[in-house]
Amino acid sequence: MTYTIHVTRTESKAVKVTTAAEIQALHKLGFMTQDAEAEGKGHFVSLCEVCGLPVFSDDEHLRDSEGIYWHEVCPEAENE
């Protein structure tokens, strides 16, 4: 799946990514994820604490009391 990640450092920009590694690389460069989009998905909730991919409102996901989100089954794990 291709995600459009909206990141910001000094200015906002949209970047198309397909893996969590690409998102992590953006973070290492100092970018912060502000929003994400994917075709057919609901609104962006957070990045998954386990796999690093976006969690959307219509994904099966869990949340702890500290506001940390993760997928019930991470998308990359489904592809293995």
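The values are calculated or read from the model by the stated rules, or taken from the named source; none is laboratory data. A quick note: this is a predicted structure, and the numbers were derived from the prediction, not measured. In this analysis, Cβ positions are derived from the backbone assuming ideal geometry, glycine residues included, and neighbour counts consider all displayed protein chains. Ligands, DNA and RNA are stripped out before the accessible areas are found, and what is left, the full protein with its side chains, is counted by its heavy atoms. Shrake-Rupley method; radii C 1.70, N 1.55, O 1.52, S 1.80 Å.
Numbers for the structure displayed
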{"read-out": "Choice from GLU66, GLU37, GLU49 showing the highest fluctuation, given a GNM over the chain with Cα pairs closer than 10 Å", "value": "GLU66"}
{"read-out": "Net charge of neighbours whose Cβ lies under 11 Å from the Cβ of VAL50, counting Lys and Arg as +1 and Asp and Glu as -1", "value": "-3"}
{"read-out": "HN-Hα J in Hz across region 58-64 - Karplus 6.51, -1.76, 1.60, θ = phi - 60°, x for Gly and Pro", "value": "9, 7, 6, 9, 10, 9, 9"}
{"read-out": "THR19 - accessible surface, heavy atoms, 1.4 Å probe, Å² rounded to 10", "value": "50"}
{"read-out": "Dipole magnitude of region 1-64 about its Cα centre (Cβ charges: Lys, Arg +1; Asp, Glu -1), debye to nearest 20", "value": "320"}
{"read-out": "Environment charge of GLU39, counting only residues whose C-beta is closer than 13 Å and scoring Lys/Arg +1, Asp/Glu -1", "value": "0"}
{"read-out": "Spin-label pair ARG63/SER46, simplified geometry with 7 Å Cα→Cβ offset, distance in nm", "value": "0.8"}
{"read-out": "Top of LEU47, LEU26, LEU62 by mean-square fluctuation, Gaussian network on the chain, Cα under 10 Å", "value": "LEU62"}
{"read-out": "The chain: translational diffusion in µm²/s, Stokes-Einstein, Kirkwood Rh over Cα pairs, 20 °C, 1.002 mPa s", "value": "167"}
